[in-house]
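Notes follow the structure.
The values are calculated or read from the model by the stated rules, or taken from the named source; none is laboratory data. None of the values given here were measured: they were computed from a predicted structure. A quick note on method: Cβ atoms are made from the backbone with ideal geometry, for glycine too, and the neighbour counts reach across all protein chains shown. The protein model used for the area step is the full one, side chains on, heavy atoms only, and it has no ligands, DNA or RNA in it. Shrake-Rupley method; radii C 1.70, N 1.55, O 1.52, S 1.80 Å.
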Amino acid sequence: MARCRPNLSTLMFLVILQGAAVVLFCGWYYQLSPCGSEPPNGPKVHVLLLSTWRSGSSFLGQVFSQHPSVFYLMEPAWHVWSQLPKSSGRSLRMAVRDLFRSVFQCDLGVMDAYLPNQYNVSSLFMWSHSRALCSPPVCQLTPRDKFSNQTACFLKCGSQSLQKVQGSCDSYSHIVLKAVRIFELESLYPLLQDPNLNLRIIHLVRDPRAVVRSREESAKAFIRDNSILLDQKTIPAAEVQFLVMQEICRSHLRIHETALLKPPPFLKGRYKMVRYEDMVRNPLGEINALYEFVGLEMTKELQEWIYRVTHGKGQGSKREPFKITSRNAAEVSQAWRSALPHSKVKRIQQVCRAAMALHGYKAVSNEKEQKRLDLDLLTPLEPYQFSWIPTKAEQSGNTDQNKG
Ligand SMILES: *[C@@H]1O[C@H](CO)[C@@H](O)[C@H](O)[C@H]1NC(C)=O
Ligand SMILES: *[C@@H]1O[C@H](CO)[C@@H](O)[C@H](O)[C@H]1NC(C)=O
């Protein structure tokens with residue numbers, strides 16, 4: 001019997017052999033699994049890109065959409081708002097929240113309530129912005145690890161069924177949704193507490209003066225959304241944009257208060273704010289930090305792509321306001337300073353005063369300051385040092401002084 005008892009080194013050899021077999025088998029399994037990179041049923045990460053209209057969220061969306069581990073949908077809440085155009089934003093909150101929950105769980109059947117009788121991939125809002133909808137198993141056009149060409153995808157991939165989208169969603173490790181129609185965090189609490197979800201919220205903010213300038217380029221596109229946001233109130237046309245901005249800036253304050261000043265335990269570590277301006281000044285640094293926050297790996301290809309899209313030429317096309325084009329993003333983010341009349345800038349600074357102070361956007365006190373591009377209006381963010389009481393320097397309009 002003694003011959004049968006393995007000695008210590010034989011045992012160790014067997015353990016190592018078994019380990020090697022597991023590694024080999026897993027590698028083999030990954031290659032065989034239908035779509036490559038991710039194990040289909042592993043724990044998923046769910047990411048909500050929270051922003052408002054014209055705040056650079058299309059760009060941020062692309063940063064995630066083009067990642068090979070990400071299934072991305074742009075603004076599913078659009079379907080809710082456009083189906084119920086006579087509502088108020090408040091009354092649609094829960095419907096939006098429940099839609100997010102279903103889509104995060106890859107239950108695309110929920111879209112049935114918001115789509116026409118006959119539908120396919122092309123019925124989804126801005127579907128061609130999603131690289132996953134241009135890649136297998138939905139469409140053969142773009143291999144998962146390649147960058148998607150929106151125009152080509154639009155021409156070739158629209159007629160697929162939503163069933164395929166569901167299968168696609170199941171096969172990714174990260175489900176990322178963009179949302180510009182959420183103005184508080186409280187309605188999302190059930191998602192944060194849902195044991196089936198692993199939610200991260202990335203909140204993208206932008207200088208409200210730049211937001212106004214960008215919204216003016218496509219003002220007509222916002223008429224219906226403005227009415228919903230302003231609870232269908234009758235408001236003189238000239239006032240609408242200021243009231244909309246006021247709502248948006250108030251929502252920034254509310255979200256800041258909920259997420260950073262008195263967060264409930266389930267929100268801690270799940271919220272991250274990013275300023276558009278920081279992202280265009282230091283795209284790689286900021287995007288690296290965002291990837292890290294949600295557990296995505298940066299690749300050399302993605303780094304090159306990010307550089308390309310933030311350093312191109314031109315200001316994009318007016319006729320296609322939602323399209324992300326190659327342009328010098330840092331330059332574009334200053335365009336409001338020459339484009340907006342100072343009177344308008346003053347109004348925006350009034351309605352957004354607290355949010356601007358909170359996010360480190362300095363006010364200009366006269367037209368000369370507005371036009372002087374060498375005057376940097378962005379204050380570096382020092383987290384958790386925000387004070388509700390403006391400093392003397394701010395009150396007197398001394399824009400050279402940093403807040404404490
Ligand atoms: C994207 O696809 C369109 C249509 O197929 C093509 O004309 C265009 O050159 C492509 N763009 C890039 C950057 O490859
Ligand atoms: C499906 O998509 C194509 C566009 O790719 C469209 O022409 C067609 O009408 C769609 N079919 C249905 C039933 O919606």
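Rolling a 1.4 angstrom probe over the stretch 218-286 with all protein chains present gives an accessible area of which 54% lies on carbon and sulfur atoms. Sequence-distant contacts, meaning Cα pairs under 8 Å at least 6 residues apart, place the relative contact order of the stretch 36-371 at 23 percent.
For the pair residue 378 and residue 219, the difference between a 0.36 nm per residue extended length and the Cα-Cα distance amounts to 54.6 nm. DSSP assigns beta bridges within the stretch 36-371; of those with both partners inside it, close to 5 percent run antiparallel.
Rounded to the nearest whole Hz, the Karplus-based 3J(HN,Hα) values (6.51 cos²θ - 1.76 cosθ + 1.60, θ = phi - 60°) of the stretch 216-233 follow the sequence 5, 5, 9, 3, 4, 5, 9, 4, 5, 5, 4, 4, 5, 4, 9, 6, 6, 5, with x at glycine and proline. Here the stretch 36-371 is treated as an ellipsoid with the same Cα gyration tensor; its semi-axes, largest first and in whole Å, are 31, 23, 21. Restricting the stretch 74-177 to trypsin sites (Lys or Arg not before Pro) that sit in a DSSP loop and have at most 12 other Cβ atoms within 10 Å of their own Cβ leaves 86. Computed from label points 7 Å out along Cα-Cβ, the spacing between residue 366 and residue 110 is 5.4 nm.
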